[in-house]
Amino acid sequence: MRKALVAGNWKMHGRVDQNLKLIEALIPALSNLKEAVDIVVCPPLVYLSQVNELIANTSIALGAQDVSRFDRDGAHTGDCSADMLADVGASYVLVGHSERRSEQNDTDERVSQKLACLLKANLKPILCVGETLEQREAGQVEDVIATQIELAISGLSVDDLKELLIAYEPVWAIGTGKTASPEQAQDVHAYIRELLGARFGSGFAKQITILYGGSVKAANAAELFGQPDIDGGLIGGAALITEEFTAICSAAANSPKNG
Ligand code: PEP
């Protein structure tokens, strides 16, 4: 059985004092959920060490929002390698988030290079994929998702991908307040599982964690997480609000699938 997972992507938000307040509120609020749901927080790069200290001795795990595509130390100004992320305590790393794809030219080729760096450093990549509204309206959802996944994992074997997680995040639903309906999200999650099953076998497809992301909030989380192929969420805006994030983690923990 797959364990539910909820990851909070803080994006470019936070300050030392705000991070302290948020984590100090989250620790007691989330403490009774740890058996049923894995919880990850992904602060901005500069705050990874601070947050890592704050969550020490709790079950909350640390994630980063991106990684360099270069795996060896060297002349890559502004970059941060997978080894460095691991060194400061990260265990999960987002890769291919749509905001990195659109704002920082994260092409499928770069996403694939980053994914390989993360796996080499024994980090757990959360590979983000999703279609734009135009692509959905043109009936291209499956093609877009298949291409993003195929190109990201090209050259990797089933053994390499044991730690991989996927987040389906329709671009039109990220930060817009528009959420995919539970049925729309389930359809794509089932398709991703089918795609991976055809490529790597049904055992692999059954065990891989596939998260939904895109305006998840307390009010819609339970219905989304109740879908058979949705194993939890990647949460942006709502991850910065203690009550919202706690309710979302609770919805994942209490999903009937976990019972
Ligand atoms: C995200 O940042 O991955 C995300 C899903 O954002 P939001 O929840 O704000 O739509």
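The numbers here are math on the coordinates, done by the rules we state, and not lab data. Keep in mind it's a predicted model, so treat the numbers as computed, not measured. Here Cβ is always computed from backbone atoms with ideal geometry, including for glycine, and neighbour counts include all displayed protein chains.
Couplings 3J(HN,Hα) of the stretch 109-115, computed from phi: 5, 5, 4, 5, 5, 5, 4 Hz, in residue order, whole Hz [Karplus 6.51 cos²θ - 1.76 cosθ + 1.60, θ = phi - 60°; x for Gly and Pro].
Residue by residue, the stretch 167-178 carries 3J(HN,Hα) couplings of 10, 8, 10, x, 4, 5, 9, 7, x, 9, x, 8 Hz when phi is fed to the Karplus relation 6.51 cos²θ - 1.76 cosθ + 1.60 (θ = phi - 60°); x denotes Gly or Pro. Listed by chain and number, the lysines whose alpha-carbon sits under 20 Å from that of LYS257, ignoring those within fewer than 8 places in the same chain, are LYS3, LYS34, LYS206, LYS217.
For the chain, the spread of Cα positions along the three principal axes, ordered from largest to smallest, is 48, 45, 34 Å. Listed by chain and number, the aspartates and glutamates whose alpha-carbon sits under 13 Å from that of LYS120, ignoring those within fewer than 8 places in the same chain, are ASP71, ASP83, ASP159, ASP160, GLU163. For the pair the stretch 22-56 / the stretch 128-192, the C-alpha centres are spaced 26 Å from each other.
Calculated mean residue ellipticity, 222 nm, the chain: -12500 deg cm²/dmol, from DSSP H runs (n ≥ 4) at -39500 (n - 2.57) each, averaged per residue and rounded to 500. Across the stretch 134-141, computed HN-Hα scalar couplings (Karplus, 6.51 cos²θ - 1.76 cosθ + 1.60, θ = phi - 60°) run 4, 5, 4, 5, 8, x, 9, 3 Hz from first to last residue, x flagging Gly and Pro.
Other residues whose C-beta falls under 11 angstrom from the C-beta of LYS124 contribute a net charge of -1, scoring Lys and Arg +1 and Asp and Glu -1.
Using 0.36 nm per residue and subtracting the Cα-Cα separation, the extra length available between ASP73 and SER154 on full extension is 26.7 nm. A cut-off of 5 Å between modelled amide H atoms, ignoring neighbours fewer than 5 places along the same chain, links VAL93 with ALA64, LYS124, ILE126.
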